[in-house]
Amino acid sequence: MSLKREQIVEALKNIVGEDYVVTDEQVLKESSVDRFRRFEAYHGVYRLPLPAAVVHVNSTEDVAAVIKFANENKINVVPRTGHSATEGGLETALENSIVVDGSGMNQIIGIDTYNMQATVQCGASLQELDDRLREQGYTTGHSPQSKPLAQMGGLVATRSIGQFSTLYGGIEDMVVGLEAVFPDGGITRIKNVPRRAAGPDIRHIIIGNEGALCYITEVTVKIFKYFPENNTFLGYTLDNMKTGFEILREVMVNGYRPSVARLYDAEDGSYYFSHFAEGKCVLIFVAEGVKPIADATATAIEEIVARYDECVKVEPKLIERWFDHLNWDPANLAAEKVEIIETKNVCNTTEISGNWRIINDIYDVCMQRVRSEIPDLTLLGAHSSHSYLNGTNLYFVYFYNVVDCRPEEELSKYHLAIKKIIVEETINAGGSMCHHHGVGKHRTQWIEAEYDSSYYILKKLKSAFDPNSIMNMGTIIPLDK
Amino acid sequence: MNILVCFTTVPDLELLNDDDWVIDKNLQIDTSFLKPTLNSYDESALEIALTLSDASESVKVPVELNALTIAGTGATTILKTLNSLRFNRVVRIDSHADLRFRPAAIASILTQYVLEHAPQDVLLLGKQTSIGENAKTHLLVAEMLGWLCITQVVGIELVDMKHLMVTSQVDDGQLRQRIQTPCVLSIGDSPNTFMRVPTLKDRMRYGKRPVEILSTSGFQLSDETEELIELEVIRHERAGILIEGRSPEEKARKLYEAYLKRSVLLKERLPEH
């Protein structure tokens, strides 16, 4: 027989102590959602089952004890650290879930500048870690837009990526070793080695699991030497995305690795660059590293771009200053809330990836369909921000006025309708519906299409590691499967 | 009722780094690499004007909305946005002169525009810009036009073709007055006045309408009595102490023991007043 809410709370208090179990109603409401449902949350609408409690854990042993208890009693657990997720991954899909908040486990355990790695607890702030490293001439190289808010456990769990990924890689390239707690309460440590061929790379079972398989409690990441004095900012305006993709491809295929390689279409670009690129696409590169490499990268990029007559170089300071203020911080989020409530104008995004041959077609068809099928749009654009040898991502950005609908209808009328178009066109073209935000709970309906025959592997992982179905149910794999 | 909103765009100075605050020989700071943004009080004025236009049908007062800025081509994007929001007339008076600290010059241009180019019933202006911060322009315009001026306006309602109900902030509350046009209204801290966002369809349909461009050479600028002689960067800094600790409880304990305990104990010993 399942436990009642009060019994769950009492048991949690016995495990971690009364001071670390929160049952305040407003906290529970806010803990039932993440940024995906922010429009309705800003209007005080919370439609999901309230969790039984938010538990603040302070150690791996705390996590193990709480999750073991949940597993024995078949209670849904939502792992959380920075609470900056954007795809519903932190939503409490089931009644009386336990939100296990690891933000108190915020220690930077060690920085090893000889072996070039740093070990942190799951609640360690990426911003604090990177600031500390930069003081010593190093960097994590990881800079997602949520950097001032995000914490390491969540960044690894969502398989996140940062603005400098073209040089430093995504989080999956940065993780050396991990510690995680599995539903049976078992604590697993994967050691820190540079590489091994001792079976499959089991780190990748944990990286990107979005809390659906285990709870990440500790992470070791690579660190890199940091040479900001050599940063070279390059910006160009151009007429069309197809040319921009060709240039990005040429840079990547020839082996250059600028830390930033971005292509904005005119609409998305207008949001940031209208003062110098009205009606134009914008290409941005940042070359960094030791001086010979940074210089050679910048020189090579300039030579590549020079072969395209339509590209016009812009003053580097325009790009540099824009870049300085790209990230969110708590002040931005507070201002966003006020503006959304007053204007009823909301911004959302959907990010996908595809090989070079298909990416421009995906862009064209998605733009055409969204523009013609979705009402009340005030901006629709896209940019490529993470490029690889064999392709790139697209980050669709759309603003819309919420018109003639209640807050709780906003998602289905606009965001999910747009996401459906983008996801289905991308999968049809052979791309991936999900580049770096995670599946969360709102792309699960397409997960089988995304994986096709390899869905078998995903399902087996879930059934093997979470046989009692307690880990963040409804994430990655839909509830009814 | 012809309503003219006079607005300006300003660089977002929050985006300047410390080493960007370099004052050149012309007493300018290079902000050319910053995207211009609507001056916040002017944004309120524009949204209030749009709200009046929304209400015009129900109160049976036809409203013509006009917008004017004195600026270079940097204002193009916002002008297109105002066209998309269906302002009837959007005007840019082309200027490359340094008018940052010349409210009388701006006021004289606006006055001549109203008297010689396009008669208006109501002028709306934001109370000040984040650059000049002189809060004079609206007063000077009203003086030059010989019109009533109300400052710190937070709300406006249409009454009839010749009257408005104007709410303004005063020292001990708010004042609501029935005002006869013509008048100059200076918009203060008006809540809920972020400017609305035009749809893509409206931008396609209306955004490309022409902007009327005039030149300051066609206007007589008033002689200023004040001359800009120096700029100094004001550093807004506050002394602070970082309290470190492994948990919020530990930090709170340190804060209390090191800084608060003494003042709490002192307060306990002092008689109550």
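The values are calculated or read from the model by the stated rules, or taken from the named source; none is laboratory data. None of the values given here were measured: they were computed from a predicted structure. Positions of Cβ are backbone-derived with ideal geometry, glycine not excepted, and every protein chain shown enters the neighbour counts.
Give me the strands (runs of 3 or more DSSP E) completely within segment A:43-148, filtered to those with at least 1 residues that are within 25 Å of A:LYS462 (Cβ to Cβ), ordered by residue number.
Qualifying strands (runs of 3 or more DSSP E): A:53-56, A:77-80, A:98-101.
Considering each of A:LYS420, A:LYS413 in turn, give the residue that is of a type in the set (D, E, K, R), touching a Cys at 6+ places or on another chain (Cβ under 9 Å) and at pLDDT 95 or above.
Numbers: A:LYS420 fails: touching a Cys at 6+ places or on another chain (Cβ under 9 Å).
Only one candidate qualifies: A:LYS413.
Regarding segment B:89-107, can at least one residue be identified that is among the acidic types (Asp, Glu), in contact (Cβ under 8 Å) with a residue 60 or more places away in the chain, under 23 Å from B:GLU227 (Cβ atoms) and surrounded by fewer than 18 Cβ atoms within 10 Å (Cβ to Cβ)? Walk me through how you get there before you give the answer.
First, the residues of segment B:89-107 that are among the acidic types (Asp, Glu): B:94, B:98.
This time we only want the ones that are in contact (Cβ under 8 Å) with a residue 60 or more places away in the chain, so: B:94, B:98.
Subsequent filtering for residues that are under 23 Å from B:GLU227 (Cβ atoms) retains B:98.
Now drop any that are not surrounded by fewer than 18 Cβ atoms within 10 Å (Cβ to Cβ), which leaves B:98.
Within segment B:89-107 (the criterion being among the acidic types (Asp, Glu), in contact (Cβ under 8 Å) with a residue 60 or more places away in the chain, under 23 Å from B:GLU227 (Cβ atoms) and surrounded by fewer than 18 Cβ atoms within 10 Å (Cβ to Cβ)), the answer is yes, since at least one residue qualifies.
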**Request:** Using the structure shown, decide if A:THR426 is part of a strand (DSSP E or B), in contact with a helix residue (DSSP H, G or I) (Cβ under 9 Å, 6 or more places away or on another chain) and buried (at least 18 other Cβ atoms within 10 Å of the Cβ).
**Result:** no
**Complete:** Out of (1) under 20 Å from A:ASN106 (Cα atoms); (2) among the small types (Gly, Ala, Ser); (3) touching a helix residue (DSSP H, G or I) at 6+ places or on another chain (Cβ under 9 Å); (4) buried (at least 21 other Cβ atoms within 10 Å of the Cβ), the one A:SER165 does not meet is (1)
**Fill in**
A careful count of residues in segment A:338-372 that are part of a helix (DSSP H, G or I), within 12 Å of another protein chain (Cβ to nearest Cβ) and of a type in the set (A, V, I, L, M, F, W, C) gives 5
**Prompt:** What number of residues within segment A:66-85 are crowded, with 20+ Cβ neighbours inside 10 Å and farther than 17 Å from A:GLU6 by Cα?
**Reply:** 9
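Any idea how many residues of segment A:176-192 are part of a loop (DSSP other than H, G, I, E, B) and surrounded by 19 or more Cβ atoms within 10 Å (Cβ to Cβ)?
As a first pass, look at segment A:176-192 and keep what is part of a loop (DSSP other than H, G, I, E, B): A:182-186, A:191-192.
Remaining after also requiring surrounded by 19 or more Cβ atoms within 10 Å (Cβ to Cβ): A:182-183.
Counting residues in segment A:176-192 that are part of a loop (DSSP other than H, G, I, E, B) and surrounded by 19 or more Cβ atoms within 10 Å (Cβ to Cβ) gives 2.
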**Request:** Among the residues of segment A:354-383, write down those that are in contact with a helix residue (DSSP H, G or I) (Cβ under 8 Å, 6 or more places away or on another chain), among the small types (Gly, Ala, Ser) and over 14 Å from A:ASN428 (Cβ atoms).
**Result:** A:GLY381, A:ALA382
**Request:** Tally the residues that are of a type in the set (A, V, I, L, M), more than 14 Å from chain A (Cβ to nearest Cβ) and under 22 Å from B:ASN39 (Cα atoms), restricting the search to segment B:187-222.
**Result:** 3
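Just give me the residues in segment A:394-417 being part of a helix (DSSP H, G or I) and under 19 Å from the mean Cα position of the chain (by Cα), in sequence order. Working first, answer last.
Step one: filter segment A:394-417 for residues part of a helix (DSSP H, G or I), giving A:407-417.
Of everything in segment A:394-417, those that are part of a helix (DSSP H, G or I) and under 19 Å from the mean Cα position of the chain (by Cα) turn out to be A:HIS415, A:LEU416.
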**Asked** Counting only residues that are facing another protein chain (nearest Cβ under 10 Å) and crowded, with 21+ Cβ neighbours inside 10 Å, which one in segment B:1-34 is farthest from B:ARG100 (Cα to Cα)?
**Response** B:LEU34
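Using the structure shown, decide if B:LEU68 is buried (at least 21 other Cβ atoms within 10 Å of the Cβ) and within 20 Å of A:TYR271 (Cα to Cα). Outline the logic, then answer.
On the way: buried (at least 21 other Cβ atoms within 10 Å of the Cβ): yes; within 20 Å of A:TYR271 (Cα to Cα): no.
The answer is no for B:LEU68.
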**Request:** Scan the strands (runs of 3 or more DSSP E) fully inside segment A:202-286 and keep the ones with 3 or more residues being surrounded by fewer than 24 Cβ atoms within 10 Å (Cβ to Cβ) and in contact with a helix residue (DSSP H, G or I) (Cβ under 8 Å, 6 or more places away or on another chain).
**Result:** A:232-238
**Pair list, Cβ < 6 Å and 6+ apart or interchain, from segment B:2-16 residues that are within 15 Å of B:SER44 (Cβ to Cβ) to residues that are assigned to a strand (DSSP E or B) and among the polar types (S, T, N, Q)** = B:PHE7/B:THR69; B:THR8/B:THR69
**Message:** Here is a check on your reading of the model: is B:THR181 within 14 Å of chain A (Cβ to nearest Cβ) and either surrounded by 17 or more Cβ atoms within 10 Å (Cβ to Cβ) or closer than 27 Å to B:ILE78 by Cβ (or both)?
**Reply:** no
**Prompt:** Looking at (1) within 14 Å of chain B (Cβ to nearest Cβ); (2) surrounded by fewer than 20 Cβ atoms within 10 Å (Cβ to Cβ), which is the only condition A:TYR451 fails?
**Reply:** (1)
**Prompt:** Given the conditions (1) under 18 Å from the mean Cα position of the chain (by Cα); (2) more than 27 Å from A:VAL290 (Cα to Cα); (3) not in a loop (DSSP other than H, G, I, E, B), and given that A:ASP173 satisfies all but one, which numbered condition is not satisfied?
**Reply:** (2)
**Prompt:** Counting only residues that are in contact with a helix residue (DSSP H, G or I) (Cβ under 6 Å, 6 or more places away or on another chain) and crowded, with 21+ Cβ neighbours inside 10 Å, which one in segment B:71-84 is nearest to the other protein chains (Cβ to nearest Cβ)?
**Reply:** B:SER84
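Let's see how each residue does on (1) under 25 Å from B:HIS138 (Cα atoms); (2) among the small types (Gly, Ala, Ser):
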| site | (1), (2) |
| --- | --- |
| B:ILE29 | no, no |
| B:LEU38 | yes, no |
| B:SER44 | yes, yes |
| B:ILE78 | yes, no |
| B:ILE109 | yes, no |
| B:VAL114 | yes, no |
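Regarding segment A:317-337, can at least one residue be identified that is assigned to a strand (DSSP E or B) and either of a type in the set (D, E, K, R) or within 13 Å of chain B (Cβ to nearest Cβ) (or both)?
Of segment A:317-337, the ones assigned to a strand (DSSP E or B) are none.
No, every residue in segment A:317-337 fails to be assigned to a strand (DSSP E or B) and either of a type in the set (D, E, K, R) or within 13 Å of chain B (Cβ to nearest Cβ) (or both).
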